[in-house]
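Asks: Quick one: the structure is below, questions incoming.
The values are calculated or read from the model by the stated rules, or taken from the named source; none is laboratory data. Remember, it's a predicted structure, so these values are computed and weren't measured experimentally. Heads up, the Cβs are rebuilt from the backbone with ideal geometry, glycines too, and the neighbour counts pull from every protein chain shown. These accessible areas exclude ligands, DNA and RNA; they are computed on the full protein's heavy atoms, side chains included. Shrake-Rupley method; radii C 1.70, N 1.55, O 1.52, S 1.80 Å.
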Amino acid sequence: RYMALEPSDERGPRFYLQTLLDSGRSAEALAFLKKQHQANPRDVKIVASLGAVSSKAGKFDEALKWYEKRAALLPTEAKARYLIGTLCWQHLYKNSTVSDSQRVALADRGLAALRQALELQPKYVEALTYINLLYRERSKGQNDVAMREADMTQARKYHKQALALIKARAAKKKPAKAKGGGK
């Protein structure tokens with residue numbers, strides 16, 4: 001009703017969407033967002049909201065589609081690709097019943113996105129961390145022991161890279177110890 005009374009107030013749609021989400025009406029929230037998307041197909045905020053709401057509603061395939069659309073709209077943003085990788089990892093981690101071939105394929109999709117994030121931002125510790133985690137999930141889908149171990153080797157490699165960057169950052173932040181003997 002507020003949107004009808006004050007159509008020029010940009011807060012109206014946000015208030016309405018938040019009301020739908022707070023009351024657990026995710027199907028209506030998705031319908032509302034899809035309608036907004038039709039009117040503004042390149043609006044990154046709407047696309048991001050569609051991804052987040054789809055994910056919270058348990059619609060993984062739909063969420064992944066929206067996350068990938070967001071990344072396409074933001075070709076130079078590493079975080080958009082990172083979010084695809086984390087979404088894939090979260091789905092695999094929480095769903096041990098994902099079949100072996102689907103597990104490997106979905107892990108590969110997340111890994112590709114995370115590698116793109118690293119191309120855009122080479123010292124992206126979080127992306128390295130999730131590459132490690134996705135290789136661990138990917139290994140669970142490997143029927144061949146050698147392939148499983150190869151995935152775990154890759155996981156350990158990226159884990160070490162992430163730790164090295166974290167240590168390097170921490171070393172930069174440490175203040176240099178004062179030289180000399182005090183007072």
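Asks: I'd like to know if the stretch 11-19 contains one or more residues that are modelled with pLDDT of 95 or more, of a type in the set (G, A, S) and either in a helix (DSSP H, G or I) or over 20 Å from the mean Cα position of the chain (by Cα) (or both).
Replies: So far as the stretch 11-19 goes, no, none of its residues is modelled with pLDDT of 95 or more, of a type in the set (G, A, S) and either in a helix (DSSP H, G or I) or over 20 Å from the mean Cα position of the chain (by Cα) (or both).
Each row is one residue, and each column tells you yes or no for (1) within 30 Å of P41 (Cβ to Cβ); (2) surrounded by 12 or more Cβ atoms within 10 Å (Cβ to Cβ); (3) at pLDDT below 95; (4) not aliphatic (A, V, I, L, M).
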{"position": "A71", "(1), (2), (3), (4)": "yes, yes, no, no"}
{"position": "L74", "(1), (2), (3), (4)": "yes, yes, no, no"}
{"position": "C88", "(1), (2), (3), (4)": "yes, yes, no, yes"}
{"position": "R109", "(1), (2), (3), (4)": "yes, yes, no, yes"}
{"position": "D144", "(1), (2), (3), (4)": "no, no, no, yes"}
{"position": "K174", "(1), (2), (3), (4)": "no, no, yes, yes"}
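Asks: In the stretch 90-104, which residues are of a type outside the set (A, V, I, L, M) and either open to solvent by less than 20 Å² (accessible area, probe 1.4 Å) or outside any helix (DSSP H, G or I) (or both)?
Replies: Matches in the stretch 90-104: N95, S96, T97, S99, R103.
Asks: So which residues in the stretch 40-51 are in contact with a helix residue (DSSP H, G or I) (Cβ under 9 Å, 6 or more places away or on another chain) and surrounded by fewer than 18 Cβ atoms within 10 Å (Cβ to Cβ)?
Replies: N40, P41, R42, D43, V44, listed by residue number.
Asks: Considering only the stretch 161-168, I want to know if a residue exists there that is open to solvent by less than 50 Å² (accessible area, probe 1.4 Å) and polar (S, T, N, Q).
Replies: Checking the stretch 161-168: not a single residue is open to solvent by less than 50 Å² (accessible area, probe 1.4 Å) and polar (S, T, N, Q).
Asks: Please list, ordered by first then second residue, the pairs with beta carbon atoms under 8 Å, 6 or more apart or interchain, first in the stretch 77-102 and more than 20 Å from Q142 (Cα to Cα) and among the hydrophobic types (A, V, I, L, M, F, W, C), second open to solvent by 60 Å² or more (accessible area, probe 1.4 Å) and outside any helix (DSSP H, G or I).
Replies: A78/Q121
Asks: Right, next: Only residues in the stretch 130-147 that are farther than 13 Å from R109 by Cβ and free of Cβ contacts under 8 Å to residues at least 40 places away in the same chain count as the first member; pair them with residues that are part of a helix (DSSP H, G or I) and among the hydroxyl-bearing types (S, T, Y), Cβ under 6 angstrom, at least 6 apart or cross-chain, and list the lot.
Replies: Cβ pairs passing all conditions: N132/Y158.
Asks: While we're looking at this one, here's another question. Given the criteria open to solvent by 40 Å² or more (accessible area, probe 1.4 Å), in a helix (DSSP H, G or I) and closer than 24 Å to S99 by Cα, does A150 qualify? Don't jump to the end; show me each part of the working.
Replies: Values: open to solvent by 40 Å² or more (accessible area, probe 1.4 Å): yes; in a helix (DSSP H, G or I): yes; closer than 24 Å to S99 by Cα: yes.
Yes; evaluated as a whole, the condition is true for this residue.
Asks: Continuing with the same structure: Answer yes if at least one residue in the stretch 67-76 is without any contact (Cβ under 8 Å) to a residue 40 or more places away in the chain and assigned to a loop (DSSP other than H, G, I, E, B), and no otherwise.
Replies: Yes, that holds for at least one residue.
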